Amino acid sequence: MSDANLADDLGGKFQGRLISPDDPDYDEARKIWNGMIDKRPGLIAQCAGTADVVAAVNFARERDLAVAVRGGGHNVSGNAICDDGIAIDLRPMKNVSVDSARRFASAEGGVTWGEYDQATQRHGLASPGGAISSTGIAGLTLGGGFGWLSRSYGLACDNVLSAEVVTAAGEVLTANADENADLFWGIRGGGGNFGVVTRLDFQLQPIGELYSGLTLYPRSDGPAFMRMWATLTAAAPDELSSMAAFLSTPDGVPVVGAFWVYKGTAEEGERVLAPLRAFGSPVHDDIGLKPYTEVQQAFDPGFPAGNRNYWKSCYLSTIDDTCVDTLVDHANRAPSPLCVVGIEHMIGGAVSRVAEDENAFGSRDAEYNLLILGTNDDPGLDDAIRDWARSFWTAAQPFSTGGVYVNYMDNDESGRIGDAYRASHYARLVDLKKKYDPDNLFRLNQNIAPTG
């Protein structure tokens, strides 16, 4: 069937916009955040609402088309777009409603964290979300979702109260603790394997200004800084989250440092950060009280849409002296000044106190996550970026828990899906896949196949 016929056949059942390869907006519509991904779907279905999602899912199933689902389009592996087939694009679905009295927000599947935060902060409220504001709420939450508030309030998925899901059969189901509880368990950590999530209802928390900012030091301070950071974070209260990083300044100078977020007063934050204040001479320090939305957007300039990205990641079981030496050595080999090595301390705390079987997320005992961000704006560096990231990841394995955060997995890691889950969780997820998507219609994701 030609691309033109795809649009013609679906058009009578669809209220949103259908974009075919001959449409002048096609190339812009198929772009996603990771510029390394260049795929050409047969049809892009920009959905006006849940009924359009149902129509697109039924259409794809009946014609055995590949299906990509796009919320924010931020996933590094490029699963938000496909070659041939149909891309179900939720971006027009932007409604957010806030019930400030009950501390409850409802948001459609095309909403980004920046949009969600703007809506909830009008009421002085927030939910744990991602660290880049253009990330979609749905994709991040389905994979777990940790951010600056997670050590205080849990993962994004821990704060979901209910969801609307369009299954592979085209059914619209409500999933919560009382309705379709098995599906509710699975979508909170199990990714996009069980359907298209068209609405998420979140618990909200009162959040005002945060004591936050970036401190940077000369790269030569790397070993000493990382040892100080590891000691500080090992004793940190739940209110403190941070990300240590090896990066370069905008003019290409290698530095080391951390972004800090403390949920509390400036005076309390300074007491907690006393070891930092006693360390070295920073070349940059902008820690101070900042609006929550500013904190949530702090990383945006460093990770623009269109840059080429290849990532590797693992949870770390220890950050001892040998681990620090390994991190420093491989960070200093980065082939591009745009590459970043982040060691995230956004987990632990409240995340670790949620019961293991509360939902599908599988690594609640982890405290740190290593994120190797192979980033560049030159296609000629792609091979060097991949080689560096893979070599770095291999060298880090003696310090790894063996687990991986499913949202950080790149498109060549299908063999590691089981590493993202406890064995008992994975078996349960396979059973859910057999129930809700036995033919694996939703396979363009960190896929849990119905065959296991």
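A quick yes/no check of all residues on (1) under 16 Å from D437 (Cα atoms); (2) open to solvent by less than 10 Å² (accessible area, probe 1.4 Å); (3) over 19 Å from the mean Cα position of the chain (by Cα):
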| position | (1), (2), (3) |
| --- | --- |
| V165 | yes, yes, yes |
| G170 | yes, no, yes |
| N176 | no, no, yes |
| N180 | yes, no, yes |
| G192 | yes, no, no |
| V196 | yes, yes, no |
| L200 | no, yes, no |
| Q205 | no, no, yes |
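The residue list G186, G208 contains one member that is more than 30 Å from V430 (Cα to Cα), of a type outside the set (F, W, Y) and touching a residue at least 40 places away in the same chain (Cβ under 8 Å), which is G208. I'd like to check something: does region 441-450 contain any residue that is part of a helix (DSSP H, G or I) and surrounded by 17 or more Cβ atoms within 10 Å (Cβ to Cβ)? No, the conditions are met nowhere in region 441-450. Considered as a group, the residues in region 357-378 that are open to solvent by 50 Å² or more (accessible area, probe 1.4 Å) and under 27 Å from D320 (Cα atoms) include one that is nearest to the chain's Cα centre (by Cα), and that residue is E367.
Scanning region 80-99 for residues that are without any contact (Cβ under 8 Å) to a residue 60 or more places away in the chain and either assigned to a loop (DSSP other than H, G, I, E, B) or open to solvent by 30 Å² or more (accessible area, probe 1.4 Å) (or both) gives A80, I81, D83, D84, G85, R91, K94, N95, V96, S97, D99.
Look at region 60-79: where a residue is without any contact (Cβ under 8 Å) to a residue 60 or more places away in the chain and assigned to a loop (DSSP other than H, G, I, E, B) and a partner is open to solvent by less than 30 Å² (accessible area, probe 1.4 Å) and of a type outside the set (D, E, K, R), sitting 6+ places away or on another chain with Cβ atoms under 7 Å, you get L65/G85; L65/I86. If you go through region 214-242 and keep only what is surrounded by 20 or more Cβ atoms within 10 Å (Cβ to Cβ) and touching a Phe, Trp or Tyr at 6+ places or on another chain (Cβ under 6 Å), you end up with Y217, F225, L240, S241, S242. Restricting region 379-416 to residues that are assigned to a loop (DSSP other than H, G, I, E, B) and surrounded by 13 or more Cβ atoms within 10 Å (Cβ to Cβ) leaves a set whose member that is modelled with the lowest pLDDT is N411. As a summary of the residue check, S281 satisfies the conditions (1) in contact (Cβ under 8 Å) with a residue 60 or more places away in the chain; (2) open to solvent by less than 50 Å² (accessible area, probe 1.4 Å) except for the one numbered (2).
In the set (1) over 21 Å from the mean Cα position of the chain (by Cα); (2) in a loop (DSSP other than H, G, I, E, B); (3) not small (G, A, S), M226 fails one condition alone, (2). Might you check whether a residue that is open to solvent by 10 Å² or more (accessible area, probe 1.4 Å), not hydrophobic (A, V, I, L, M, F, W, C) and not in a loop (DSSP other than H, G, I, E, B) occurs anywhere in region 140-155? Yes. Within region 245-257, identify whether any single residue is in contact (Cβ under 8 Å) with a residue 24 or more places away in the chain, touching a Leu at 6+ places or on another chain (Cβ under 6 Å) and not basic (K, R), and answer yes or no. Yes, some residue in region 245-257 is in contact (Cβ under 8 Å) with a residue 24 or more places away in the chain, touching a Leu at 6+ places or on another chain (Cβ under 6 Å) and not basic (K, R). Selection within region 417-426: residues that are part of a helix (DSSP H, G or I) and not aliphatic (A, V, I, L, M). The member of this set that is farthest from the chain's Cα centre (by Cα) is S424. Evaluate the following for I132: is it under 30 Å from K13 (Cβ atoms), at pLDDT 95 or above and either among the hydrophobic types (A, V, I, L, M, F, W, C) or open to solvent by 10 Å² or more (accessible area, probe 1.4 Å) (or both)? No; evaluated as a whole, the condition is false for this residue.
Considering only residues that are in a loop (DSSP other than H, G, I, E, B) and either in contact (Cβ under 8 Å) with a residue 40 or more places away in the chain or touching a helix residue (DSSP H, G or I) at 6+ places or on another chain (Cβ under 8 Å) (or both), which ones fall in region 111-122? Result: V111, single match.
Elements of the type strands (runs of 3 or more DSSP E) sitting completely within region 256-361 and holding at least 2 residues that are among the hydroxyl-bearing types (S, T, Y): these cover 308-316.
The values are calculated or read from the model by the stated rules, or taken from the named source; none is laboratory data. Just so we're clear, the structure is a prediction, and the values are computed from it rather than from any experiment. Note that each Cβ is placed from the backbone with ideal geometry, even for glycine, and that neighbours are counted across all protein chains shown. Each accessible area value is taken on the protein alone, full model and side chains, heavy atoms only, with ligands, DNA and RNA left out. Shrake-Rupley method; radii C 1.70, N 1.55, O 1.52, S 1.80 Å.
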